[in-house]
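Colleague: Structure incoming, see below.
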Amino acid sequence: MRTLETSHPPSYYIPPDDATMALLRRSTHRSFCEWKGDAVYYDLVLDGETLRDIAWSYPAPTRAFAALRDHLAFYAAPFDVCTVDGEMVVPQPGGFYGGWITADLAGPFKGVPGSRYW
C-alpha cells in the first residue's frame with residue numbers, strides 16, 4: 001500500500017507478514033504525524049550490524065489511516081539498493097521523510113533546503 005502526501009513522493013507500507021520481523025528490533029525513537037498519529041520505529045539487525053531507525057509503523061493510527069495499522073514503511077537511504085517495479089529509487093531528501101522517488105515523479109519534494117514550513 002502506498003500513501004501520498006502534499007509535496008511528498010510516496011511511502012510504501014507493507015504488512016508485517018511480508019517482512020522478516022526477526023531482523024527488526026523496536027527502537028526507542030518515536031514521532032507524531034498530525035494526520036496518522038504516533039509512529040514507532042525499528043532498527044534492522046543483520047550480521048552483527050545495526051541500522052538504526054530504518055522503518056516506522058503506526059500501531060494505533062487515526063481512523064482515516066486505519067489501513068496502515070502495524071504496516072511497515074522503510075527509508076530507502078540506508079540501503080544499497082531499493083527498487084519499485086525494477087526501477088532504482090532515489091530517497092526523499094532531508095533524512096526525516098521516507099518517500100521513494102522514481103522517474104515518473106516531479107518535485108520539488110519536502111526535505112530540500114528551505115522546505116521546512118511548506
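Colleague: Hey, can you tell me all the residues within region 34-49 that are surrounded by fewer than 16 Cβ atoms within 10 Å (Cβ to Cβ) and in contact (Cβ under 8 Å) with a residue 12 or more places away in the chain?
Modeller: Taking region 34-49 and keeping what is surrounded by fewer than 16 Cβ atoms within 10 Å (Cβ to Cβ), we get 34-35, 38, 45-49.
If the condition is that a residue be surrounded by fewer than 16 Cβ atoms within 10 Å (Cβ to Cβ) and in contact (Cβ under 8 Å) with a residue 12 or more places away in the chain, then 35, 38, 45, 46 are the ones that fit.
Colleague: A follow-up question, please. Please enumerate the residues belonging to region 75-113 that are surrounded by 12 or more Cβ atoms within 10 Å (Cβ to Cβ) and under 15 Å from residue 55 (Cα atoms).
Modeller: Of everything in region 75-113, those that are surrounded by 12 or more Cβ atoms within 10 Å (Cβ to Cβ) and under 15 Å from residue 55 (Cα atoms) turn out to be 75, 76, 77, 78, 79, 82, 91, 92, 97, 98, 99, 100.
Colleague: Please determine, by comparing only the residues of region 55-97 that are polar (S, T, N, Q) and part of a loop (DSSP other than H, G, I, E, B), which one is modelled with the highest pLDDT. Let's see the steps before the verdict.
Modeller: Narrowing region 55-97 to residues polar (S, T, N, Q): 57, 62, 83, 92.
Going one step further and asking which of them are part of a loop (DSSP other than H, G, I, E, B), we end up with 62, 92.
Values: 62: 97, 92: 92.
Per the criteria, the residue is 62.
Colleague: Give the residue, chosen from 11, 57, 7, that is of a type in the set (S, T, N, Q) and over 27 Å from residue 103 (Cβ atoms). Before you say what the answer is, go through the steps one by one.
Modeller: On the way: 11 fails: over 27 Å from residue 103 (Cβ atoms); 7 fails: over 27 Å from residue 103 (Cβ atoms).
The conditions single out 57.
Colleague: Going by what's in this entry, would residue 85 be described as among the acidic types (Asp, Glu) and closer than 27 Å to residue 103 by Cα?
Modeller: Values: among the acidic types (Asp, Glu): yes; closer than 27 Å to residue 103 by Cα: yes.
Answer is yes for this residue.
Colleague: Okay, moving on. Is one or more of the residues making up region 36-45 more than 20 Å from residue 96 (Cβ to Cβ) and modelled with pLDDT of 95 or more?
Modeller: First, the residues of region 36-45 that are more than 20 Å from residue 96 (Cβ to Cβ): 45.
Now narrow it down to the ones that are modelled with pLDDT of 95 or more: 45.
Looking through region 36-45, at least one residue is more than 20 Å from residue 96 (Cβ to Cβ) and modelled with pLDDT of 95 or more.
The values are calculated or read from the model by the stated rules, or taken from the named source; none is laboratory data. Here the structure is a predicted model, which is why all the values come from computation and not from measurement. When we count neighbours, we look across all protein chains shown, and the Cβ atoms used for this are built from the backbone with ideal geometry, even at glycine.
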